[in-house]
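Heads up, the thing below is written out as structure tokens.
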Amino acid sequence: MRRHVIWNDTEPVSTILVGRGMTSVLTEMVAGNDHRQVAVICQPSTFTLAERFANVFHAAGIETAGYTLPDGEEAKQLGIVEEVYRFLNARHFTRDDLIVGVGGGALTDVTGFIAGTYLRGVTAMYVATTLLAAVDAAIGGKTAVNVDGKNLAGVFSHPEAVIVDVDILDDLPTEQKIIGAAEAIKTGFIQDTDIITAFEDDGISTDIENIVNRSVAVKTRIVNEDFTERGARAILNYGHTIGHAIESTTGRPHGEAVAIGMVAAGHAAQHHLGFAGADRQVAVLSQIGLPVAAPEAKLETTRAMMALDKKRDSKGLRMVLLEEFGSPVLIHPDDATVRAAFAGIHIV
Ligand SMILES: NC(=O)c1ccc[n+]([C@@H]2O[C@H](COP(=O)([O-])OP(=O)(O)OC[C@H]3O[C@@H](n4cnc5c(N)ncnc54)[C@H](O)[C@@H]3O)[C@@H](O)[C@H]2O)c1
Ligand SMILES: [Zn+2]
């Protein structure tokens, strides 16, 4: 098992545990834990897994209740948040209790939002059950629900622990692995080219534990350098400026939209900075089955959605571009650069 830690100055705030057979690791963690009760939040797809982890708390004599949210992105709504607040009210939940979210990135985002806001903050733990959650969404303390645009209401709130059980990830349907691989490849493009090489060598059947550990190492390093997201952390948004707009307007899964967004950013960087890696990006993403264009998207609606992007500042839209692999820069793109980005993903 490997342990990654997120620090706020000298205080450890979140531990990410990556390994196999993690229910036994949880059993050790729970021994000596003084939570009075635990709420385990899941989705239909993770109900059985959630039960397995809930049983660990139950066996330790902790009062444990479960709550099942609607699937995927449907859970990231304020109405759902309110339902869970009422569930916690009914159980007389206190700040000494624990909320455990078992699921993919959508589930950990909404669970984190609930934990970060209920009683102004209750301790949370996540079991990240998709590759995307394991390499990205569950790590870094960003939580959110969707309000018109993606993730427009949120709060920074770190889970005390994130459990990544590689046995669970190995069992994921291939299409879920492919979607999660997009964010892993993102960390490869911005910082660790060994991740790109691993996918180039072995495709989607590459060693997932290695990919998770390398990606989590990149993400925790970047978050530790910029805990409150004032600067350096913005590079984690590589592919997301256009990616989020495509996700909202086409309904594609987050990972697919990010893959397309990275291809767009690659073309923008080729135009603006002479980036030479655009073809390699397209090659590795398509090799593992990710889309590299969104011809179904409409230029005007995608641009309008980009105007809602959180990453804007007073000077306008911001994009992360690569000078070369491992060297991201944050720019305000001019119109020609944005047009190059859209043309590169066949949005005209
Ligand atoms: N907070 C962050 O920093 C951050 C970063 C990246 C992405 N995100 C968010 O993460 C979300 C995407 O995450 P995702 O790709 O995990 O999507 P998801 O949570 O919607 O999960 C995808 C699908 O897989 C199912 N699923 C989950 N675990 C499973 C398992 N073990 N076996 C079979 N099916 C399973 C889910 O029910 C869902 O249908 C988006 O909402 C995105 O905004 C957040
Ligand atoms: Zn993302």
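The values are calculated or read from the model by the stated rules, or taken from the named source; none is laboratory data. If you're wondering where the values come from, they're calculated on a predicted model, not measured in any experiment. Positions of Cβ are generated from backbone atoms using ideal geometry, with glycine treated the same way; all protein chains shown enter the neighbour counts. Ligands, DNA and RNA are stripped out before the accessible areas are found, and what is left, the full protein with its side chains, is counted by its heavy atoms. Shrake-Rupley method; radii C 1.70, N 1.55, O 1.52, S 1.80 Å.
Side notes on the structure shown:
- Fraction of beta bridges assigned by DSSP in the chain that are antiparallel (%, nearest 5): 45 percent
- In a fully extended conformation the segment linking residue 1 and residue 92 would gain 29.2 nm over its present Cα-Cα distance, using 0.36 nm per residue.
- Mean Cβ neighbour count within 10 Å, used as a protection proxy, ranking 9-15, 240-246, 324-330 highest first: 240-246, 324-330, 9-15
- Of the solvent-accessible surface of the chain, computed with a 1.4 Å probe over protein heavy atoms with every protein chain present, carbon and sulfur atoms account for 49 percent.
- By accessible area with a 1.4 Å probe, ligands and nucleic acids excluded, highest first: order of 170, 71: 71, 170
- Per residue, the accessible area of region 12-53 comes to 44 Å², computed with a 1.4 Å probe over protein heavy atoms only.
- Helix 105-117 axis, angle to the chain major axis (alpha carbon atoms, nearest 10°): 60 degrees
- Scattering profile of region 2-170 at q = 0.09, 0.16, 0.17, 0.18 Å⁻¹ [log10 I(q)/I(0), Debye over alpha-carbon scatterers]: -0.25, -0.86, -0.99, -1.12
- C-alpha center-to-center spacing [region 58-97, region 180-210] in angstrom: 34 Å
- Nearest 10 degrees, 0 to 90: helix 208-225 Cα axis against the chain principal axis: 90 degrees
- In region 1-140, taking the dipole from charged Cβ atoms about the Cα centre, the farthest positive-side position among 54, 102, 66 is held by 54.
- Computed from Cα atoms, the angle from the helix 278-287 axis to the main principal axis of the chain rounds to 50 degrees.
- 3J(HN,Hα) from dihedral phi, region 341-346, Karplus parametrisation 6.51/-1.76/1.60, rounded to Hz, x for glycine, proline: 4, 5, 4, x, 10, 6
- Span from the region 253-329 Cα centroid across to the region 217-245 one, whole angstrom: 15 Å
- Where only DSSP H runs of four or more residues are counted, the chain gives -14000 deg cm²/dmol as its mean residue ellipticity at 222 nm, each run worth -39500 (n - 2.57).
- For region 298-307, Karplus couplings with θ = phi - 60° (6.51, -1.76, 1.60), whole Hz, Gly/Pro x: 9, 4, 5, 5, 5, 5, 5, 5, 4, 5
- In the complete set of protein chains, residue-level accessible area for residue 314 is approximately 120 Å², probe 1.4 angstrom.
- Seen from all directions on average, region 185-344 presents a Cα convex hull projection of 8.8 nm².
- Percent of C-alpha pairs per 5 Å bin, region 194-262, short to long: 3, 16, 16, 18, 24, 17, 5, 0
- Computed accessible area, residue 271, all protein chains, 1.4 angstrom probe, square angstrom: 100 Å²
- When the listed pairs 76/315; 186/315; 142/219; 177/298 are checked against a 24 Å cut-off, the alpha-carbon distance exceeds it for 76/315; 186/315; 177/298.
- Candidate residues 148, 335: accessible-area rank, largest first, probe 1.4 Å: 148, 335
- Rounded to whole Å, the principal axis extents of the Cα atoms in region 1-100 read 36, 31, 28, largest first.
- Tail weight of P(r) past 26 Å, computed on alpha-carbon pairs of the chain, percent: 47 percent
- Of all the options 252, 230, 36, the one that moves most in a Gaussian network model of the chain with Cα springs shorter than 10 angstrom is 230.
- Only protein heavy atoms count here; on that basis, with a 1.4 Å probe, residue 193 has an accessible area of about 60 Å².
- Cα-derived Rg to Rh of region 249-332, Kirkwood definition: 0.96
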